[in-house]
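Structure first, commentary second.
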Amino acid sequence: MMTKTNTRKTNPVKLNYLLDVAIFAAFLVTLEPHATGMAIHEWLGIAFGAAAVTHLLLHWKWLVASTRRFLGKLPRQTRVNYLLNALLFIAMTIIVFSGLMMSEVALPALGLPMADGMGWHNLHAQASDAALILLGLHIALHWKWILSTTKRYVVSPILSRLPRRRAVPASGVAIELVTEEVSS
Amino acid sequence: MRTIVRILIILFGAVLVAGATFLLVDNGVIGGNEAGGRTRPEMGQFDPDSLAAGEFERSESRERGGGREEQNTFLSAGLLSNLGTIALIVAAVVLGQWLWSLIAKRRPGPKEAASGLPPEKMPDGDLT
């Protein structure tokens, strides 16, 4: 007799989308340290770095293909996208690194000393401002994908769970409310 | 194994950027008091003529701690401000792309231009 195993294959697009939404939310919250407090700001920033690495791993094929073809034939939009992503990577690395260098909570908690100096503060703030603009451009270049994926994984499931009005034939009373559960 | 190698490559890239940043900051090229040729104002002062002054004031306000009551207001105001910035950029780029696609559709291709025929997707009587 065969035993059934409940292995569900993860949808890569859905996983990508969920991770991107989480990264975006984390970035916005991390930009406000006075609201969250320094401890949350620092630990969330470190987690953000790990999430960014995961984001790059999920787009590894595109990254390798674009890097190989960068000096050869490549559509203009892909080239712009690649350069923008490279700048975003640099900005994010500077943010995380400068944040670690002047860490007041996270690194001292691990027993590591923090570097002092206004330079790191200035760089951290300037890189954050630059990253905000770069992130806006990054989102703009992927806007169509974001819209279609949001429609597919957020809007459509919500709409499918809403009660639908169905007209009943003449012999019926009038209108019947039917809730349809659509399993995706 | 393959994933670990990929992670190491990404981390190597990050270390390169971090190393370069460290050297530049250590030598006072970036992040110093005169980063990018802009001087940092004294604490509590605001120089309206300097773009950097606005940045520094904003940056300092980010670092400043606030009371519990003020935190939610700060968070919502800061989030809205940052979301607004991103929304503006997205709107500008998407609008620009849409306008560019309209112009590209109206512009005749090399073949059409040579033969004198209008492009396939050009609307009738809307050439002026």
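Just so you know, all these numbers are worked out from the coordinates, no wet-lab data involved. Predicted model only: the values in this text are computed from it and were never measured. Here the Cβ positions follow ideal geometry from the backbone for every residue, glycine too, while neighbour counts run over all protein chains shown.
Summary of values
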| read-out | value |
| --- | --- |
| Whole-number D in µm²/s for the range A:25-144 (Stokes-Einstein; Kirkwood sum over Cα pairs; 4 °C, 1.567 mPa s) | 83 µm²/s |
| FRET efficiency, A:Lys14 to A:Trp143 (Cβ-Cβ, R0 25 Å, nearest 0.05) | 0.85 |
| Label-point separation in nm, A:Lys73 to A:His55, each point 7 Å along Cα→Cβ | 3.2 nm |
| Spacing of the two label points (7 Å from each Cα toward its C-beta) at A:Thr150 and A:Leu84, in nm | 1.6 nm |
| Residue-wise HN-Hα coupling along the range A:85-92, computed from phi with Karplus coefficients 6.51, -1.76, 1.60 (Hz; x: Gly, Pro) | 5, 5, 5, 5, 4, 5, 4, 5 |
| Dipole magnitude of the range A:20-90 about its Cα centre (Cβ charges: Lys, Arg +1; Asp, Glu -1), debye to nearest 20 | 720 debye |
| Taking B:Arg107, A:Arg152 and counting other C-beta atoms within 10 Å, the order from fewest to most | B:Arg107, A:Arg152 |
| Peptide A:28-34 - average C-beta neighbours from other chains (10 Å radius) | 6 |
| Cβ neighbours within 10 Å from other chains - mean over A:55-61 | 2 |
| Peptides ranked, highest mean first, by Cβ atoms within 10 Å: ranges A:123-134, B:3-14, A:91-102, A:51-62 | A:91-102, A:123-134, A:51-62, B:3-14 |
| Sites B:Trp100 and A:Ala47 - FRET efficiency at Förster radius 35 Å, r taken between beta-carbons, to 0.05 | 0.35 |
| Magnitude of the charge dipole, the range A:71-166, Cβ model with Lys/Arg +1 and Asp/Glu -1, debye to 20 | 1340 debye |
| Gap separating the Cα centres of the range A:117-141 and the range A:13-56, nearest whole Å | 14 Å |
| J(HN,Hα) series, the range A:143-159, from Karplus relation 6.51 cos²θ - 1.76 cosθ + 1.60, nearest Hz, glycine and proline x | 4, 4, 5, 4, 4, 5, 6, 5, 5, 6, 9, 10, 5, 4, x, 5, 5 |
| Fraction of alpha-carbon pairs over 17 Å apart in the range A:34-84 - percent | 54 percent |
